[in-house]
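Have a look at the structure below before the remarks.
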Amino acid sequence: MVRLGYLLVVAVLVGLGGVVSHAQEQGIADFSKLNGETDWPWWRGPSRNGIATETTVPTKFGDGENMAWKAKVPGRGHSSPTVVGDRIYLTTAFKEDERHCVVAFDRQTGQEVWQIEVNQGAFPKKNHAKNTEATPTIACDGERLFVTFYHHNQVELITLDFDGKVLWRKKVADFHPKMYEYGYAPSPIIYRGNVIVASEY
């Protein structure tokens with residue numbers, strides 16, 4: 001199954017200048033290896049509000065217009081791109097053989113750098129038709145990638161280095177959404193020395 005759509009990179013991902021002052025108020029200044037002007041290290045960006053203050057971004061883009069490159073993303077997922085340094089990171093899932101993976105792309109060329117399988121098996125029996133098994137966005141502190149997946153009736157937090165090596169993994173909590181069966185979507189949040197993970201049950 002092909003992931004929904006393509007990963008598109010336009011000028012807004014190449015230069016996010018001007019966001020650093022507000023981003024410092026929201027916690028990015030706690031991480032010395034992140035750059036508030038060029039990195040988009042977690043869900044909704046450095047200021048955690050989905051806003052980049054750069055004013056010279058294109059308002060139109062497509063094939064041959066304001067597009068640096070286009071890359072097909074394997075699998076299926078709804079996670080947003082996490083951009084740190086010269087890499088773009090995404091989570092993805094392959095429902096046929098129930099695999100969770102993390103994928104890294106080169107920021108300048110769009111070439112896939114690596115794809116790492118971090119879990120296999122025990123996907124939820126039911127999930128909302130508009131959700132996926134790879135919906136949470138990766139969070140990065142400038143040194144490590146923090147990802148969450150729902151499998152084996154639990155939410156798991158997995159930490160990788162920039163080469164895709166799993167550093168550690170931890171069961172966060174049991175997860176049994178029997179009433180709604182919408183699946184799992186919350187992205188991890190990094191606050192100073194802590195990683196915050198939401199779980200309903």
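The values are calculated or read from the model by the stated rules, or taken from the named source; none is laboratory data. It should be emphasised that the depicted structure is a prediction, and the values quoted were computed from it without experimental measurement. All Cβ positions, even for glycine, are placed from backbone atoms using ideal geometry, and neighbour counts span all protein chains on display.
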Hey, among V197, V147, which residue is over 21 Å from G85 (Cα atoms), surrounded by 15 or more Cβ atoms within 10 Å (Cβ to Cβ) and of a type in the set (V, I, T)? V197
Check whether at least one residue in the stretch 181-191 is modelled with pLDDT under 80, in a loop (DSSP other than H, G, I, E, B) and crowded, with 17+ Cβ neighbours inside 10 Å, and report yes or no. yes
Among the residues in the stretch 44-53, are any touching a His at 6+ places or on another chain (Cβ under 6 Å) and either modelled with pLDDT of 90 or more or buried (at least 17 other Cβ atoms within 10 Å of the Cβ) (or both)? yes
Among residues belonging to the stretch 86-114 that are in a strand (DSSP E or B) and of a type in the set (D, E, K, R), point out the one that is nearest to P136 (Cα to Cα). R99
Of F31, F123, F105, which residue is among the aromatic types (F, W, Y) and more than 24 Å from I196 (Cα to Cα)? F105
For E133, only one of the following conditions fails: (1) part of a strand (DSSP E or B); (2) surrounded by 22 or more Cβ atoms within 10 Å (Cβ to Cβ). What is its number? (1)
